Structures are given as C-alpha cells and as structure tokens.
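Participant: Please see the structure below; I have some questions.
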Amino acid sequence: MLDKARVATRLPAQDLDRARRFYAEKLGLEPADERPGGLLYRCGDGDFALFESAGASPGTFTQMAFEVDDIESAVAALRGRGVVLEEVDVPGLRTVDGIAEVEGNYPSKGATGERAAWFRDSEGNLIGIGQPVKH
C-alpha cells in the first residue's frame, strides 16, 4: 500500500523562529513553503518539514540525514558556519576530525561503506551527513 508513497521527514521544533534561523544561517536553507506551525524545506529529490511542537527531540539517534558527494567539503562548510559536529567513540564507530568510517552499505547503492558525520540542530534533532564509499 505505501510502496509508491513519497517519504518525507518531519522534525519537531520547540521554537520555530529559532529553528528557521539555524537552518538559514548554519545550513544555508530557506523554507520552500510554510503554514502556521510548520516550515517545509526542499533539498535535492526530497523534502522535510519542521513543525512546532511542545515536545523535545530526544536526539539519541539520527532523525534525518543528507547524502553528499564530498563529506570533507560538507563538513568544512558546516564548520565554517559555526556548526559543531558530534564526536562519537563507541565500539565499532569512532569519528576522527568529525567523520566516521562506517562499514558496509546497502548493495543497491553500489557502495561498500559510508563516511558519516553528525550534528544537532537548534532544537536538539540529530542530523547525519553521509557519503557512500564506492570502490
């Protein structure tokens, strides 16, 4: 039933104005559309929305990710805008200068692994950046 549906991420924001500023100033993104209590962003082939919520994100897992062709450039650009990358050091996953080497990938992506980085938005949502590793 849902196999033909478009997937769209929704992220909570306790302060929608603060979130709008973060996404504009730190990520260079402006809403493509808005409604009372919500901002819609379009990136590449997908979209995501920020919605006003009294609840806070737990930020304990990746809630949304951007797939990029050059993670070093993306990380450098984010750092240049003041974004703080998460440092991860758990069994099987460790960042070095903000970037982790992740073993394995989905066969349909034609990659053998992924390079990844994470940061939190102004609302505590954990956002990932990934670059498939192709050999």
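Participant: Put K4, K109 in order of accessible area, largest first, 1.4 Å probe: what do you get?
Facilitator: Values: K4 175, K109 85 Å².
Heavy-atom accessible area, descending, gives K4, K109.
Participant: Also, I was wondering about something else. Charges only on Cβ, +1 for Lys and Arg, -1 for Asp and Glu: so what's the dipole of segment 1-80 about the Cα centre, in debye to the nearest 20?
Facilitator: Numbers: 10 positive and 14 negative charges, 54 e Å.
My answer is approximately 260 debye.
Participant: Any chance you could check the Cα centroid distance between segment 42-71 and segment 18-38 for me, in angstrom?
Facilitator: About 12 Å separates the Cα centre of segment 42-71 from the one of segment 18-38.
Participant: Which listed residue (V133, Q14, V90) has the Cα farthest towards the positive end of the charge dipole for the chain, taking +1 on Lys and Arg C-beta and -1 on Asp and Glu C-beta about the Cα centre?
Facilitator: Among V133, Q14, V90, the one farthest towards the positive end of the dipole of the chain is Q14.
Participant: Straight distance only, please: which aspartates and glutamates reach the Cα of K134 with their own Cα at less than 14 Å, same-chain residues fewer than 8 apart left out?
Facilitator: E67, D69, D70, E101, E103, E114
Participant: If you line up the long axis of helix 71-80 against the longest principal axis of the chain, both from Cα atoms, how many degrees apart are they, to the nearest 10?
Facilitator: Orientation of helix 71-80: about 50 degrees from the principal axis.
Participant: While we're here: Relative to the longest principal axis of the C-alpha atoms of the chain, give the angle of the C-alpha long axis of helix 16-25, reported between 0 and 90° and rounded to the nearest 10°.
Facilitator: Roughly 50 degrees, rounded to the nearest 10.
Participant: While we're looking at this one, here's another question. Quick one: ranking F66, F119 by accessible area, 1.4 Å probe, largest first, what do you get?
Facilitator: On the way: F66 55, F119 5 Å².
Greatest to least solvent exposure: F66, F119.
Participant: Using a Förster distance of 22 angstrom, determine the FRET efficiency expected from the C-beta separation of E25 and A76, and round it to 0.05. Don't skip to the end; give the middle numbers.
Facilitator: Working: r = 17 Å, r/R0 = 0.76.
The pair E25/A76 has a calculated efficiency of 0.85.
Participant: Using a 1.4 angstrom probe on the protein heavy atoms only, could you order T62, T95 from most to least accessible area?
Facilitator: On the way: T62 65, T95 10 Å².
Ranking T62, T95 by accessible area, largest first, yields T62, T95.
Participant: Right, something else. If the cut-off is 20 Å between C-alpha atoms, which lysines fall inside it for K4, apart from same-chain ones fewer than 8 positions away?
Facilitator: K109
Participant: Taking the DSSP beta bridges in the chain as the whole, what percent of them are antiparallel, to the nearest 5?
Facilitator: Numbers: 26 of 36 bridges.
Beta bridges within the chain, antiparallel portion: roughly 70 percent.
Participant: On to the next question. Return one whole number: the accessible area per residue of segment 61-115 in Å², for a 1.4 Å probe. It would help to have the intermediate numbers written out before the result.
Facilitator: Working: 3660 Å² over 55 residues.
Spelled out: the 1.4 Å probe surface of segment 61-115, per residue, equals 67 Å².
Participant: Then there's this: Run the dipole for the chain about the Cα centre, Lys and Arg Cβ at +1, Asp and Glu Cβ at -1, nothing else charged, and hand back the magnitude in debye, nearest 20.
Facilitator: 200
Participant: Now for a different question. Considering only protein heavy atoms and a probe of 1.4 Å, how much of the accessible area of the chain is carbon and sulfur, as a whole percent? Before the final figure, lay out the partial values.
Facilitator: Values: 4260 of 8330 Å².
Accessible surface attributable to carbon and sulfur in the chain totals 51 percent.
The values are calculated or read from the model by the stated rules, or taken from the named source; none is laboratory data. Note that the structure is a prediction, hence the values are computed from the model and not measured. A quick note on method: Cβ atoms are made from the backbone with ideal geometry, for glycine too, and the neighbour counts reach across all protein chains shown. Quick note on the areas: whole protein, heavy atoms, side chains included, nothing else; ligands and nucleic acids left out. Shrake-Rupley method; radii C 1.70, N 1.55, O 1.52, S 1.80 Å.
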